[in-house]
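A.B. asks: Below you will find the structure I want to go over with you.
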Amino acid sequence: MEELHVHGAWNPRGEAMTVEAMHRRVLSREAFDPRGSFVVVEGRRVVAFCIATIRSEEKRPAGSEGRLGHICALAVAPAMRRRGIGARLLHMAERYLARRGATAASVSFVGNPIPLLGGVPVNETAYPFFLNRGYRTRECGLLQVMTLDTSGFRLSRQILKRKRHNESLGVSFGRLEPWMVGALEELLEREFPAWCGGIKASLRRVPPPSILVAWRGRKVLGYAGPYRALDSASTGTFNSIGVTREARGAGIGAVLFNLMCAELKAAGARRISLTTELTNPAQEIYARAGFKAQFVVDYGMRKDICQRYAGRSPGSARAP
């Protein structure tokens, strides 16, 4: 569970944090500032770290009190916990954000330019840790982390039956082809604006990502992805699934999702992980495919910091 907690909570994609991954996901980001990164070292070993950042242009919503800083990651080795190390690192990160002009610190992926931390697991010690240090849920948001062990996964008879039924009605299933891109983007803009920007940006990559779609004629009815298997962690990950309003209720979303899981398994993923809103009806699709709930994270926690840290500057830390 501890390994799962680490992957799901602050590294939700499950990717092994190699030097290359660290450079790509953290060090090369425009928002990364070494002054907002803090480590605790015992001998020659890093035993704890914290990363904080703030976008220089980022503003909080109209009517709010100021700019928002982000706690991107906070981790302490199990043997070093309950020594005040995490509290000290968090204090330094908050002080850094305040000096950069942040009026509040958020523990969430939302708006975070270095989104390593999905949220705070509500059934782990991290939750009371942040509560006891003034973090509160201002805008309630709970995500459920679910995983699938692909060793026992296969396309069920029900899914195959739904696939054949839809195909008899003229619906086709397959990989996204170039002529479908415009129709998919139109679907995203119209019905899934929250996912639109990220998916459209991924479509411009070379090579383009893997996306499964369902279509009839020249119209895209639904999609699943982008998805990929992370070789370093043998973990499958994907962005989202969606079906146009008029095509819902026919099992298209379930078929797309299960076909995607089958492709991830074939690509070498021994485990597939996902996060979903607790209110998302697609949880039923995930559960029927064999996904199990692991823990719930709160991604709405934040803390006002401007008054406490006014006039102070960040320091440094080293384990005794």
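The values are calculated or read from the model by the stated rules, or taken from the named source; none is laboratory data. Small disclaimer: the values here were computed from a predicted structure and weren't measured. Cβ coordinates were reconstructed from backbone atoms using ideal geometry, including for glycine residues, and neighbour counts include every protein chain displayed.
A.B. asks: Restrict the check to region 198-209 and report whether at least one residue is under 26 Å from residue 149 (Cα atoms), in contact with a helix residue (DSSP H, G or I) (Cβ under 9 Å, 6 or more places away or on another chain) and not in a helix (DSSP H, G or I).
C.D. replies: The answer is yes, given that some residue of region 198-209 is under 26 Å from residue 149 (Cα atoms), in contact with a helix residue (DSSP H, G or I) (Cβ under 9 Å, 6 or more places away or on another chain) and not in a helix (DSSP H, G or I).
A.B. asks: Another question, then. Among the numbered criteria (1) in contact with a strand residue (DSSP E or B) (Cβ under 8 Å, 6 or more places away or on another chain); (2) farther than 23 Å from residue 296 by Cβ, which single criterion is violated by residue 238?
C.D. replies: Status for residue 238: all satisfied but (2).
A.B. asks: Select from region 192-214 the residues that are over 21 Å from the mean Cα position of the chain (by Cα) and surrounded by 14 or more Cβ atoms within 10 Å (Cβ to Cβ) and list them in ascending order. Break it down into steps so the answer makes sense when it comes.
C.D. replies: To start, the set of residues in region 192-214 that are over 21 Å from the mean Cα position of the chain (by Cα) comprises 206-207, 213-214.
Of everything in region 192-214, those that are over 21 Å from the mean Cα position of the chain (by Cα) and surrounded by 14 or more Cβ atoms within 10 Å (Cβ to Cβ) turn out to be 213, 214.
A.B. asks: Which residues, taken from region 234-264, are of a type in the set (A, V, I, L, M) and closer than 21 Å to residue 276 by Cα?
C.D. replies: Residues of region 234-264 that are of a type in the set (A, V, I, L, M), as a first pass: 241, 243, 247, 250, 252, 254-256, 259-260, 262, 264.
Of everything in region 234-264, those that are of a type in the set (A, V, I, L, M) and closer than 21 Å to residue 276 by Cα turn out to be 241, 243, 252, 254, 255, 256, 259, 260, 262, 264.
A.B. asks: To continue, here is another question. I need a count of the residues in region 242-282 that are among the basic types (Lys, Arg) and assigned to a helix (DSSP H, G or I). Before you say what the answer is, go through the steps one by one.
C.D. replies: Our first condition is that a residue be among the basic types (Lys, Arg); within region 242-282, this holds for 245, 248, 265, 270-271.
Narrowing further to those that are assigned to a helix (DSSP H, G or I): 245, 265.
Counting residues in region 242-282 that are among the basic types (Lys, Arg) and assigned to a helix (DSSP H, G or I) gives 2.
A.B. asks: Which pairs do you get when a residue that is within 15 Å of residue 91 (Cα to Cα), found in region 125-147, comes within reach of a residue that is surrounded by fewer than 14 Cβ atoms within 10 Å (Cβ to Cβ) and at pLDDT below 90, reach meaning Cβ atoms under 9 angstrom, with the pair 6+ apart or on two chains?
C.D. replies: Correct list of pairs: 134/308.
A.B. asks: Scan region 130-187 for residues that are assigned to a helix (DSSP H, G or I), exposed (fewer than 14 other Cβ atoms within 10 Å of the Cβ) and of a type in the set (Lys, Arg) and jot them down.
C.D. replies: Listed by number, the residues that qualify are 157, 161, 164.
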